[in-house]
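Here's the structure, in structure tokens; my notes come after.
The values are calculated or read from the model by the stated rules, or taken from the named source; none is laboratory data. Only a predicted model underlies this, so the values are computations on that prediction, with no experimental measurement involved. Heads up, the Cβs are rebuilt from the backbone with ideal geometry, glycines too, and the neighbour counts pull from every protein chain shown. Side chains are part of the model used for accessible areas, which takes the heavy atoms of the whole protein and leaves out ligands, DNA and RNA. Shrake-Rupley method; radii C 1.70, N 1.55, O 1.52, S 1.80 Å.
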Amino acid sequence: MADCIFCSIANHDIPTDPIYEDELIIAFNDLEPQAPVHFLVVPKKHIESIDAATEDDSELISHIMLTIPKLAAEQGLENGYRIVINTGDDGGQTVKHLHFHILGKRKMTWPPG
Ligand code: 5GP
Ligand code: ZN
């Protein structure tokens with residue numbers, strides 16, 4: 001989608017250094033990390049948010065969720081981590097292309113801010 005930063009990254013229109021990539025998804029470090037390890041897992045398909053996902057995206061979402069633990073292990077998050085999907089304005093979503101935050105290497109607090 002034009003003017004979407006994560007589509008541009010997924011298409012390699014913007015040079016990026018992915019920590020993982022396959023035909024469906026790309027993962028890269030967050031520009032403004034909120035933890036010692038903070039990366040994003042992004043579907044290459046433009047989906048505005050988890051609200052916009054449909055049954056057609058089941059395999060894609062499943063693939064993301066099953067890939068995250070592998071990437072977390074590769075990033076040394078053996079002590080745990082947090083997966084965050086900010087959704088909509090109240091959820092704090094700033095980039096309107098579905099993405100999964102993975103944060104680790106520090107103790108997370110609850111409730112989140
Ligand atoms: P949201 O606030 O939508 O849940 O998360 C968007 C995230 O994308 C933020 O953590 C922000 O730092 C990150 N981000 C925004 N633009 C870029 C970019 O161009 N490159 C990278 N690596 N991260 C970005
Ligand atoms: Zn997009």
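State yes or no: is Thr94 open to solvent by 40 Å² or more (accessible area, probe 1.4 Å), without any contact (Cβ under 8 Å) to a residue 24 or more places away in the chain, within 16 Å of ligand 2 (Cβ to nearest atom) and out of contact with any Leu (no Cβ under 6 Å at 6 or more places or on another chain)? Yes, satisfied. Only strands (runs of 3 or more DSSP E) whose full extent lies in region 1-96 are considered here, and the ones with at least 1 residues that are of a type in the set (D, E, K, R) are 81-84. Out of Gly80, Gly88, one residue alone is in contact with an Asp or Glu (Cβ under 9 Å, 6 or more places away or on another chain) and exposed (fewer than 14 other Cβ atoms within 10 Å of the Cβ). It is Gly88.
If you go through region 32-53 and keep only what is within 15 Å of ligand 2 (Cβ to nearest atom) and open to solvent by 10 Å² or more (accessible area, probe 1.4 Å), you end up with Lys44, Lys45, His46, Glu48, Ser49, Ile50, Asp51, Ala52, Ala53.
Collect the residues in region 39-61 that are farther than 8 Å from Leu98 by Cβ and not hydrophobic (A, V, I, L, M, F, W, C), keeping them in residue-number order. Spell out how you get there, then give the answer.
Just the residues of region 39-61 that are farther than 8 Å from Leu98 by Cβ, to begin with: 39-41, 44-46, 51, 54-61.
If the condition is that a residue be farther than 8 Å from Leu98 by Cβ and not hydrophobic (A, V, I, L, M, F, W, C), then Lys44, Lys45, His46, Asp51, Thr54, Glu55, Asp56, Asp57, Ser58, Glu59 are the ones that fit.
When Ile47, Ile102 are checked against the criterion of being in contact with a Phe, Trp or Tyr (Cβ under 6 Å, 6 or more places away or on another chain) and more than 9 Å from ligand 1 (Cβ to nearest atom), a single residue qualifies: Ile102.
Of the set (1) closer than 21 Å to Gly76 by Cβ; (2) within 11 Å of the chain's Cα centre (by Cα); (3) open to solvent by less than 50 Å² (accessible area, probe 1.4 Å), all apply to Asn29 but (3).
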